[in-house]
Amino acid sequence: QVHIEESGGGLVQSGGSLNLSCVNTGSIFGVYAMGWHRQAPGKERELVATMTWNDGSPYYTEDTIGRFTASRNDAKTTLHLQMNSLKPADTAVYYCYADHLSTGRTWGLGTQVTVSS
């Protein structure tokens with residue numbers, strides 16, 4: 001069973017950086033993708049970055065490519081998201097997820113990222 005825990009959120013000034021971590025404390029077998037979404041107040045949840053788990057290929061959106069970098073550890077338990085050049089529009093709750101062949105998508109509880117101008 002997959003269990004997701006996020007960490008690394010916080011308050012940062014515009015132009016600053018944060019590194020988010022997403023740990024799967026459950027089983028890694030059957031996980032085929034992990035990624036991040038975010039949700040700002042009054043807005044829909046949107047994709048930030050995702051990674052296919054067998055080969056580690058990342059995917060970014062038009063807004064995050066070039067600023068955000070996804071990486072994973074060798075044990076395939078943790079997905080990191082290095083966020084650089086942050087701007088106030090990046091302020092949101094960031095949610096990590098893992099996609100499993102049998103159990104579908106599991107979400108974490110989220111971590112708050114606040115970027116001040």
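The values are calculated or read from the model by the stated rules, or taken from the named source; none is laboratory data. Only a predicted model underlies this, so the values are computations on that prediction, with no experimental measurement involved. In this analysis, Cβ positions are derived from the backbone assuming ideal geometry, glycine residues included, and neighbour counts consider all displayed protein chains. Note: areas computed on protein heavy atoms with side chains; ligands, DNA, RNA excluded. Shrake-Rupley method; radii C 1.70, N 1.55, O 1.52, S 1.80 Å.
Here are the numbers for the structure shown:
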read-out	value
Phi-based couplings in Hz for the stretch 11-18 (Karplus 6.51, -1.76, 1.60; Gly and Pro marked x)	9, 9, 7, 4, x, x, 10, 9
Student exercise, the chain dipole from Lys, Arg, Asp, Glu Cβ charges, in Debye to nearest 20	100
Per-pair calculated FRET efficiency, R0 = 22 Å: Glu44 and Ser85 via Cβ, rounded to 0.05	0.40
Fraction of accessible area attributable to carbon and sulfur, the chain (%, probe 1.4 Å)	51
Convex hull volume per residue for the chain, taking Cα atoms only, in Å³	92
Cα-centre dipole for the stretch 1-65 with unit charges at Cβ (Lys and Arg positive, Asp and Glu negative), debye to 20	120
Kirkwood hydrodynamic radius (C-alpha pairs) into Stokes-Einstein, the stretch 6-53, 10 °C and 1.306 mPa s, D in µm²/s	122
Solvent-accessible surface ranking, highest first, for Ser102, Ser17 at 1.4 angstrom	Ser102, Ser17
Residues of the chain: accessible area per residue with a 1.4 Å probe, Å²	52
